[in-house]
Amino acid sequence: MGLIGMGLQMHGHQRIMTGREDVQVLAVCDVSRPARESARERVEKAYADKTASGAYKGCAAYNEYERIVERDDIDAVFICTPDHWHAMMSIAAMKQGKDVYVQKPMTLTVREGRLMSDISRQYGRILQVGSQQRSEGAFRKACEIVRNGWIGRVHTIYTHFGEFPLPPLLEEEPVPEGFDYDRWLGPTPWYPYNQRRVAGDFGGGWRCFWDYGQRKNGDWGAHHFDIIQWALGMDASGPVEFIPQGWGGAEYQSYVYANGTRVWKNHPVKNGQMIQFIGERGEVLVSRQNRLETTPAELKTRPLAPGETRLYESDNHEGNWIECMKTRQTPICPAEIGHRSATICHLCGIAERLNRRLVWDPVNEQIVGDELASRWLDRPRRAPYIL
Amino acid sequence: MKSKLLLISLLVCACAAKAAAGLQQTVNDLLPQLAAAPAKDSPSAQTQLQQLVAQVSRPGAEAERAALAQILIDKAASAALPQASRVWALRQLELIGAAESVGGLTDLLNGDNAELRECARRALEKNPAPESLVSLRAALIKGGDRNWKMGLIQSLGERADAHSVQLMASNLDNPELAPATAGALGKIGTAAAQRKLWDAFNEGNTAAGDALLATAGRLAATYHADKAKKIYKKLYASDGELRVRLAALAGLAKTDPADTRLRIEPLLHAEDLTLRSAALSAALEVYGPEASRVLAKELPSLSEAGQVQVLSMLDASGEPQTLAVAASTNLTIRLAAVQALGRFGDSNCVPLLLAWAAEKASPMQKAAALALTRTSGAGVNETLAHEVVDGQTRMRCAAIKALAGRSDRAMATIWLNYASEPDPALSAAACEGLGLIGTENEFGSLLALALKGVAPANSAALQIAKRCTNKVEIINQVLESSRKADGVRLGSLFDMLSAVGGAEGLAAVAQCTTNANEQIRDAAVRALADWADFEATKPLLALAGDPQSKPAHSTLAIGAIVRLAKESEEPAAAARLEVVLSALKAVQRIEDKRQVISAIGAIPVAQGGETLKTYLADPDLKSEAGLAQAVLAESLPAKDKAAALAMARELKNANVSEELNRRAEALIAKLAPAAPQS
């Protein structure tokens, strides 16, 4: 396996991958020399600790992901870069016969998602999107409760995940030695370097900039919108309308499915939970750390009866991907699902930035009746980083 | 009428001119701020310009859009403006530029300023005016370095510009530009583009194969399946890379199912997992809902690995073949078959699954038991019910567990009889089943069995108590039973009240803490001390403050109050502190007092510090008070910074221990760093 993007998010994955008996990490890749060298050391130390001699060398460290993709002895890549690199790297890897684990959100634009999903299917590659809440029992149970109609028709959903600060106008700083800034920017427009632009930071960093993602929509939104899609059985489709905050006096941003179910973004959620499903006969509240509350209370322990919808079971997101690589089964969050969830992130961002209601056709994947808004469905790319 | 129209037209023109002037002024004001060094209002200037662009891009605002685009291209062309402002203006033209901006963008595309040139290329790529393609083509002819040409090729490809095929094609021989060119030609996809790509493909250009796949995919999606099919067939039949040929097979499955069917069978029997996977994907595509039936027929002739793969894809139509391979000597195949039966198996599968489920614990036994609880096939419940009555004991037990896992309550009354049977295995299975599906209706009987010492009945009753809806009924039954229970059984009865929880359960247990029967009293106090809800602190406080309480009961009560105050998420911290302070007044023993003081430190409310400081000089309690004060000061939220600082200083002044002094000093240094030396 090759690991690409050796920042904060990769640390845990790297530990898990080097800890598995059925995985051998052969290469790491990062545009920061110190980051990739330190990652190489960590990988080699992990393997050295397992040898009798206590020594191990055998992990390459690359600046260019292409060096990993072109290696015949690497079967799969693990991608934890900023969002603007996800599609390009994933597509290149899949075309070269590699399976892919890519962090959420799967893409930077809607069009990238369609392309990735089609390529994954056409080239027969196993792609898992890092929407790991699908592999948490409480979220699965919450979705099964909703999906099986135990709380009646769900008409309203609240989710809350806050907002990043707006990106500041930054002064130019010298590019640090050993940092390939041009490659960090990749397909996105060129801007003078500033450390705050490229910082990997769960509280902001590059995630604040629209150039590299959809801000919180693509961060926590990617997780929670994904669970909502799962619960509503909309994995191959999506909402039909996106309404920004303030539009028609709306207190919160929202989006609406064809059956009228409305999802309110950043609306307070009861008991500090992450997602609240409100149905005609009850409620489901769910968060990480297996926090699950239901009304009526017995729903959360009620077993599924034969014939009721039983959702894909995985309790280990990375493990599920590895197993599927071996069996060639579909993983729990394949490209089409990742694309549909990321599309919601993108359309929330577009509606927010255009400050107007968007009508979405999830079948043809087009914005309806708004030609200029449709331009936002993809972005030009900076050469040589082209799709 | 004509004069009226003329008047309206003049009014519209006047309004448009006025609007354009307004836009001009707004842009004039905003652009210099965009390029300024970081200042407080800079982000707001960017946001304002973006909002303006968003506003004019709305449907029906064409005149405003064109006016703003014209202003922006004029600004971008102005060398008098800072580079950053010009760049920002060009970025907006990606979103709203049309014919009016092509001229200006073309000038910049051909200019010397590399950054503006790149911005112009991006804006032209998104510009729908046909003239934008002329400009991009001309720039490609003019040439430049590798990246520049690659960008232009990409832009023309994105626009599917049929007129640039010939112009681009020469780059297919250039190793640096060949992949980008192939990609662009693949997007253009005309017959001419395809010819160029086939030539390149035949000469070994690997990117050309991917590009042809992209073209075929686009043709198939736009109702040109016949054209797509030809490409897929040719690619599949080629001696190109296997990855491209298999991708072509996936496309062929969509566009020519009849032809693909002929190709699937040999691939299914391949040793290579990739080939088999490609065949299975193709089979799903071409056979649709019939795929399972077709694949099931192939099952006996497949390799072991192939059988496992196919089993995971079958539906009920493959049941006979699945049952046949379930007898395989290969454990992996047997497990895959059992998992498949767990999806669709009907009454025919029950004997086989039940036999495995009744075995000793093993992966196979576990899989079979799970399959029996899950399968939605016809007649499963009825067959299982028959086995419950008629089978051997181990089969009866497995059948009871399976029916319970399927939430089938039909036999609950019969199981109650089994629960009191002398056969311990049958009794345990019946109790386990009732624990899963039993209700208040079975609770009383199970309770009675529990009091007779049938341990599984106790556990089943406890499970029912946890999920019951009629709490009052359960509580009454437990209290009634407690009158007849001995000391040993009382504890578990009150555990049931703890499991019931809620106000009713709490009230019942609290009342029993004053019962005349000492055993009942003791059991009630212990149940109360284990209570999970914060509401229990009220009777616990009463117990702790009652001079008649046994010392052991008071200590249990204090320990429970401390636990609930520390661990409960609700109510708010201030309310939890209030309870702890009441407990502090109630406690007698010094050890209990220490516990309560430690709890004050665990509740992040500044008021707790007021109490703690009164103990900082107490020789018996200063260690606990000091530690609690340190923990509290360190955990206070940012809004209580002043209080945290004051607490740290008090702690330092109290000089309780060296360790606490160090913690206090560290906090003081963090919250009130010393002024820099001048």
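The values are calculated or read from the model by the stated rules, or taken from the named source; none is laboratory data. What you see is a predicted model; the values in this text were computed from it and never measured. Counting neighbours? That spans all protein chains shown, and the Cβs are built from the backbone with ideal geometry, glycine included. For accessibility, only protein heavy atoms count, side chains too; no ligands or nucleic acids. Shrake-Rupley method; radii C 1.70, N 1.55, O 1.52, S 1.80 Å.
The accessible area of A:E293, taken with all protein chains in place and a 1.4 Å probe, comes to roughly 60 Å². Since only B:A214, B:S238, B:P266 are under comparison, the one whose Cα sits farthest along the positive direction of the charge dipole of region B:178-275, derived from C-beta charges on Lys, Arg, Asp and Glu, is B:A214. For B:K484, a cut-off of 23 angstrom between C-alpha atoms picks up these lysines, skipping any fewer than 8 places away in its own chain: B:K452, B:K466, B:K471.
Students sometimes get this wrong: rank B:I73, A:I16 by accessible area, probe 1.4 Å, all chains present, largest first.
Numbers: B:I73 5, A:I16 70 Å².
Correct descending sequence by accessible area is A:I16, B:I73.
Determine the order of A:E44, B:E285, B:E658, A:E64 by accessible area, beginning with the largest, at a probe radius of 1.4 Å. Walk me through the numbers on the way to the answer.
Working: A:E44 15, B:E285 85, B:E658 140, A:E64 55 Å².
Descending order: B:E658, B:E285, A:E64, A:E44.
Between amide H atoms placed 1.01 Å from N, distances below 5 Å from A:I275 occur with A:V286, all of them 5 or more places distant or on a separate chain.
Remark: for residue pairs B:K613/B:K641; A:K326/B:K366; A:K50/A:K104; B:K538/B:K585; A:K141/A:K270, the C-alpha separation exceeds 21 Å in A:K326/B:K366; A:K50/A:K104.
Inter-chain Cβ neighbour count for B:646-658, averaged per residue, equals 0 (cutoff 10 Å, partner chain atoms only).
Modelled this way, with points 7 Å down the Cα-to-C-beta line, the labels at B:Q83 and A:A55 are 5.1 nm from one another. Across B:S135, B:S303, the residue with the most accessible area heads the list, and the full order at a 1.4 Å probe is B:S303, B:S135. Packing, taken as the mean count of other beta carbons within 10 Å per residue, orders the peptides A:349-356, B:244-251, A:233-240 from highest to lowest as B:244-251, A:349-356, A:233-240. In order along region A:85-100, the phi-based Karplus estimate (6.51 cos²θ - 1.76 cosθ + 1.60, θ = phi - 60°) of 3J(HN,Hα) comes to 9, 4, 5, 4, 5, 4, 5, 4, 5, 5, 5, 8, x, 9, 8, 9 Hz; Gly and Pro are listed as x. Ranked by the mean number of other Cβ atoms within 10 Å of their residues, highest first, the peptides B:349-355, A:121-127 come out as A:121-127, B:349-355. In this calculation the C-beta distance from B:E610 to B:N515 is compared with R0 = 35 Å, giving a FRET efficiency of 0.35.
Just the number, please: Stokes-Einstein D of region B:440-500 in µm²/s, Kirkwood Rh from C-alpha pairs, 25 °C, 0.890 mPa s.
So the translational diffusion coefficient is about 224 µm²/s.
Looking at the protein assembly as shown, what % of its DSSP beta bridges pair antiparallel, to the nearest 5? Close to 60 percent.
For the peptide B:235-243, the mean number of other protein chain Cβ atoms found within 10 angstrom of a residue's Cβ is 1.
For B:L262 and A:D182, what does the FRET efficiency come to when R0 = 41 Å and r is the distance between their Cβ atoms, rounded to the nearest 0.05? All intermediate terms of the calculation are to be shown ahead of the outcome.
Details: r = 50 Å, r/R0 = 1.22.
Efficiency computed from Cβ-Cβ geometry: 0.25.
Placing dummy labels 7 Å off each Cα toward the beta-carbon, the span from A:A297 to B:D533 is 0.6 nm.
I'm checking a number: the convex hull volume of the Cα atoms of region A:106-211, normalised per residue, in Å³. What is it? Write out the running numbers ahead of the final one.
On the way: hull volume 20.1 nm³, N = 106.
Spread over its residues, the Cα hull of region A:106-211 gives 190 Å³ apiece.
Using the Karplus relation 6.51 cos²θ - 1.76 cosθ + 1.60 with θ = phi - 60°, the per-residue 3J(HN,Hα) values for region B:493-501 come to 5, 6, 4, 5, 5, 4, 5, 4, x Hz, with x marking Gly and Pro.
By the Stokes-Einstein formula, at 0.692 mPa s and 37 °C, the protein assembly as shown with its Kirkwood radius over alpha-carbon pairs has D equal to 97 µm²/s. Estimated at 0.36 nm per residue, the fully extended path between A:R71 and A:A250 surpasses their Cα-Cα distance by 59.2 nm.
The charge dipole of region A:53-168, taken about its Cα centre with unit charges on the Cβ atoms of Lys, Arg (+1), Asp and Glu (-1) only, comes to about 460 debye. Ranking B:L353, B:A398, B:P363 by Cα position along the charge dipole of region B:348-418, where only Lys, Arg, Asp and Glu carry charges on their C-beta atoms, puts B:P363 farthest toward the positive end. For the peptides A:331-339, A:365-373, B:393-401, the ranking by mean Cβ contacts within 10 Å, running from highest to lowest, is A:331-339, B:393-401, A:365-373. On a per residue basis, the protein assembly as shown carries 43 Å² of accessible surface, using protein heavy atoms and a 1.4 Å probe. Considering only C-alpha atoms, what is the centroid distance from region A:30-78 to region A:90-137, in Å? Cα centroid to Cα centroid, the span is 22 Å. Could you tell me the center-to-center distance, by alpha carbons, between region A:167-186 and region B:490-547 in angstrom? Region A:167-186 and region B:490-547 have Cα centres separated by 64 Å. Could you give log10 I(q)/I(0) at q = 0.05 Å⁻¹ for chain B, computed by the Debye formula over C-alpha point scatterers of equal weight, without solvent? One equal scatterer on each Cα of chain B leads to -0.59. In summary, the convex hull built on the alpha carbon positions of region A:221-347 has an orientation-averaged projected area of 9.5 nm². Close amide H partners of A:A27, meaning residues 5 or more places away or on another chain with modelled amide H under 5 Å apart, are A:L3, A:A60.
Per residue of A:372-380, other chain Cβ atoms within 10 Å of the residue Cβ number 6 on average.
PRE reach from B:T190 (point 7 Å along Cα→Cβ): which of region B:213-249 fall under 17 Å by backbone N? Of the residues in region B:213-249, B:215-216, B:219 have backbone N under 17 Å from the label point off B:T190. When only the Cβ of Lys, Arg, Asp and Glu is charged (+1, +1, -1, -1), the dipole of region A:200-313 relative to its Cα centre reaches about 200 debye.
For the pair A:T327 and B:D390, how long in nm is the line joining their label points, each one 7 Å along Cα→Cβ? With each label point 7 Å from Cα toward Cβ, the separation is 3.5 nm. Between amide H atoms placed 1.01 Å from N, distances below 5 Å from A:E241 occur with A:V256, A:W360, all of them 5 or more places distant or on a separate chain. Each listed q (0.09, 0.11, 0.12 Å⁻¹) maps to a log10 I(q)/I(0) for chain A from the Debye sum over equal C-alpha point scatterers, namely -0.53, -0.80, -0.94.
Calculate the dipole size of chain B relative to its Cα centre from +1 charges on Lys and Arg beta carbons and -1 charges on Asp and Glu beta carbons; express the result in debye to the nearest 20.
Details: 72 positive and 73 negative charges, 256 e Å.
About 1240 debye.
The phi torsions of region B:66-73, fed into the Karplus equation with coefficients 6.51, -1.76 and 1.60 and a -60° offset, translate into couplings of 4, 5, 5, 4, 4, 4, 5, 5 Hz, rounded to whole numbers, with Gly and Pro shown as x.
Semi-axes of the equivalent ellipsoid for region B:483-565, please: Cα gyration tensor eigenvalues, times 5, square-rooted, ordered largest first, whole Å. Numbers along the way, then the final one.
Working: eigenvalues 65, 47, 21 Å².
Listed largest to smallest, the semi-axes of region B:483-565 are 18, 15, 10 Å.
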